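Enquirer: I am attaching a structure below and will ask some questions about it afterwards.
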Amino acid sequence: MKSKCEIRWLLFIASVISIFLVSGCNTLKSNGKDDKPYIIELGYETNDTNMRIANPKTKFDNSKDILVQAEYSIGSATDNVKSRIEIINLNTGEIIQEMEWTETKHITGYSLTLKNKDWSLGTYSAIWKRNEMEVARTKFELTK
C-alpha cells in the first residue's frame with residue numbers, strides 16, 4: 001500500500017499536468033481577441049499588411065466614412081451560412097444600413113463602408129448575425 005506522502009505527490013503531479021494541458025489548449029485556440037470567434041471592429045482605414053482595421057475606435061465624427069470589419073477566428077466560418085451586419089441608431093431603433101453575404105469556409109473577414117456623413121449624432125450599434133442569430137455587437141458614437 002502506498003504511503004500518504006506518495007499519494008499526495010501523485011495528486012500534485014496530476015494537478016500540475018492538468019493545469020499544463022488546460023493552459024496549452026487555451027493557448028492553441030487563442031486569437032488574441034479574448035478567444036471570441038466573431039469580432040466587429042470600426043475605424044477609418046485598414047492596415048495594408050494584414051488588412052485589419054488600423055487603430056480601431058468607438059467614437060467618430062461625420063467628416064468621413066467609417067469602415068466596419070467583421071472578423072472570423074480561424075475555422076469559425078462555414079459554407080452557405082448567411083451573415084448580415086446591421087447598423088442601428090440606438091436613439092430611434094431604426095436600421096440605418098445593412099449588408100448581407102454568404103460565407104465560405106475560407107473566409108477570414110468581411111468589410112463594409114458606412115455612409116454616415118448625413119446621419120444624426122448619437123449612439124449606434126453594429127450587430128453581426130449569422131443565420132439570424134446574433135454573434136457580435138459593438139456600440140459606437142457619432143460626435144462633432
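Any read-out appearing in this document is the output of simple, stated calculations on the displayed coordinates, not a laboratory observation. The structure displayed is predicted, hence computed values, not measured ones. All Cβ positions, even for glycine, are placed from backbone atoms using ideal geometry, and neighbour counts span all protein chains on display.
Enquirer: Between region 40-88 and region 106-133, how many Å separate their Cα centres?
Expert: 8 Å
Enquirer: Let me ask something else. Label point 7 Å out from THR143 along Cα-to-Cβ: which residues of region 86-128 have amide N under 15 Å?
Expert: Correct set: 121-124.
Enquirer: Please list, ordered by chain and number, the residues whose modelled amide H lies under 5 Å from the amide H of ILE96; skip anything fewer than 5 residues away on the same chain.
Expert: Those qualifying (amide H under 5 Å, at least 5 residues apart or on another chain) are ILE87, ILE88, ASN89.
Enquirer: While we're on this one: Dividing the convex hull volume of the Cα atoms of region 38-143 by its residue count, what figure in Å³ per residue is obtained?
Expert: Details: hull volume 9.4 nm³, N = 106.
Per-residue hull volume (Cα only) is 88 Å³.
Enquirer: Could you run the Karplus curve 6.51 cos²θ - 1.76 cosθ + 1.60 with θ = phi - 60° over region 45-57 and give me ³J(HN,Hα) per residue in whole Hz, x for Gly and Pro?
Expert: In residue order, the calculated couplings are 8, 9, 7, 5, 6, 10, 6, 9, 4, 8, 6, x, 9 Hz.
Enquirer: Cut-off is 10 Å between beta-carbons; in what order do TYR72, TYR38 appear when sorted fewest neighbours first? Provide the component values of the computation, followed by the final result.
Expert: Details: TYR72 21, TYR38 18.
Going from sparsest to densest Cβ surroundings: TYR38, TYR72.
Enquirer: If R0 is 25 Å, what FRET efficiency do you get for VAL81 and THR108 from their C-beta distance, rounded to 0.05?
Expert: Working: r = 14 Å, r/R0 = 0.57.
With R0 = 25 Å, the Cβ-Cβ based efficiency is 0.95.
Enquirer: Same structure, new question: For ASP48 and SER63 in one chain, what is 0.36 nm times their gap in residues minus the Cα-Cα distance, to one decimal in nm?
Expert: Working: separation 15, 0.36 × 15 = 5.40 nm, distance 2.23 nm.
Using 0.36 nm per residue and subtracting the Cα-Cα distance, I get 3.2 nm.
Enquirer: Here is a further query. Quick one: which residues, 5+ away or cross-chain, put their amide H under 5 Å from the amide H of VAL81? H built at 1.01 Å from N.
Expert: So VAL81 has HN proximity to GLU103.
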